[in-house]
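> Let me give you the structure first, and then I'll get to my questions.
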Amino acid sequence: MSPSDDLRVFTDAGELARAAAELVLSSARDAIAARGGFHLALAGGTTPRAMYVELSVRRAAEAGFEDWHAWFGDERGVPPEDPRSNHRMAAESGLLGRLPAGQVHRMRGEAPDLQREAERYERELCSVLGTPPRLDLVLLGLGTDGHTASLFPASPALRSRRWVTVGQAPVPPHGRLTLTLPTLAEARSLVFLVSGADKAPALAGVLDSTGAAVPARLVRPRAGSLIWLTDRSANASRPSEPRTA
């Protein structure tokens, strides 16, 4: 773990979700005040879903949802109605319904050619944010194998210099759309959400190992912040107790 990283450990997944929601709201207020809009990249998984539910019940005046843009860090190669779809999860949480429809930027996992869809999404990202595209906040999860977004160990996607590419997962659906390491590096803030005892070995490996092969260890902001939000069970395998929120 780099000394510049910010690690915050919470009692349980519920407390983590509430704290993450407050962090997103604070980032949104800052971005809207500074640049007139907030560009957030969403993650899939159960931990982000609880946070999305927390956000969805906030008052519109407090959150400024009309100035939010929702992007996706990755998407499985499935249609949006598929239970495995990250878009479906975010929609069912209630969060996407709070934003103007034209400001929800969906990765089309059902596209017959995922490479062309990656190129289309890259064009959309750059047309809105410029080149390089600088997202205000990117939410990330952590897989038990150390992957994040759809950047898996030994995947060619890890070497991509594009802003969006196609990743290959070891389990179905194998085809994935994903933001790349260069895109993540441009973000103003990167926030990992990690919950559960099953993630403890992976988290310890990412934060404490010197091995650079684990994808999540390769995520480094060029000129932004990197924050880890975890619960105690996810942090249980680490040798020492960090600052607890």
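> For segment 137-220, what is the per residue volume of the convex hull drawn over the alpha-carbon atoms, in cubic angstrom? All intermediate terms of the calculation are to be shown ahead of the outcome.
Details: hull volume 7.7 nm³, N = 84.
Convex hull volume per residue, Cα atoms: 91 Å³.
> Once Lys and Arg get +1 and Asp and Glu get -1 on their Cβ, which of GLY205, ALA60, THR180 lies farthest toward the positive end of the dipole of the chain?
So the residue we want is THR180.
> Express the relative contact order of segment 150-241 as a whole percentage, based on alpha carbon pairs under 8 Å and six or more residues apart in sequence. Please list the in-between numbers first.
Working: 154 pairs, mean separation 27.2, N = 92.
Relative contact order for segment 150-241 comes out at 30 percent.
> With n ≥ 4 as the cut-off for DSSP H runs, can you work out [θ] at 222 nm for the chain, using -39500 (n - 2.57) per run divided by the number of residues, rounded to the nearest 500?
Numbers: 7 runs with 76 residues, N = 245.
So the helix-based figure for the chain works out to -9500 deg cm²/dmol.
> Please order HIS69, HIS174 by the number of other Cβ within 10 Å, starting at the fewest. Present the calculation step by step, with values, prior to reporting the outcome.
Values: HIS69 20, HIS174 12.
Going from sparsest to densest Cβ surroundings: HIS174, HIS69.
> Shifting gears a bit: Let me know the shape class of segment 100-245, please: from the alpha-carbon gyration tensor, a ≥ b ≥ c as square roots of the eigenvalues, rounded when a/c is under 1.5, otherwise prolate if a/b is greater than b/c, or oblate. Spell out each step's value before the answer.
On the way: a/c = 1.98, a/b = 1.56, b/c = 1.27.
It comes out prolate by the Cα gyration axes.
> To the nearest 20 debye, what charge dipole does the chain have about its Cα centre, counting +1 at the Cβ of each Lys and Arg and -1 at the Cβ of each Asp and Glu?
Working: 29 positive and 28 negative charges, 87 e Å.
For this selection, approximately 420 debye.
> As an exercise, use a Förster radius of 25 Å and the Cβ-Cβ distance of ARG162 and GLU22 to find the FRET efficiency, rounded to the nearest 0.05.
Efficiency for this residue pair is about 0.15.
> Would you mind ranking TRP163, TRP71 by Cβ crowding within 10 Å, fewest neighbours first?
Working: TRP163 22, TRP71 25.
Ascending number of Cβ neighbours within 10 Å: TRP163, TRP71.
> Restricting the count to DSSP beta bridges whose residues both fall in the chain, what percent are antiparallel, rounded to a multiple of 5?
Working: 9 of 32 bridges.
The answer is about 30 percent antiparallel.
> Extending each Cα 7 Å along its Cβ direction at GLU81 and ASP30, get the distance between those two points in nm, one decimal.
For the pair GLU81/ASP30, the computed spacing is 4.1 nm.
> Next question. What longest region of the chain stays clear of trypsin sites (Lys or Arg not before Pro) that DSSP places outside H, G, I, E and B and that have at most 10 other Cβ atoms within 10 Å?
Values: sites that count: ARG59, ARG161, ARG243.
Result, exposed sites excluded: 60-160.
> Let me ask something additional. Starting from the Cα gyration tensor of the chain, take the square roots of the eigenvalues, sort them a ≥ b ≥ c, and report rounded, prolate or oblate (rounded when a/c is under 1.5, otherwise prolate if a/b is larger than b/c, else oblate).
Here the chain falls in the rounded category.
> So if I take the centroid of the Cα atoms in segment 67-81 and the same for segment 25-58, what is the distance between those two points in Å?
If you average the Cα positions of each part, the centres end up 14 Å apart.
Rule-based calculations on the coordinates, nothing more; no lab input. In this text the structure is predicted, and so the values were computed from the model without any measurement. Neighbour counts are summed over all protein chains in view; Cβ atoms, including those assigned to glycine, are modelled from backbone coordinates with ideal geometry.
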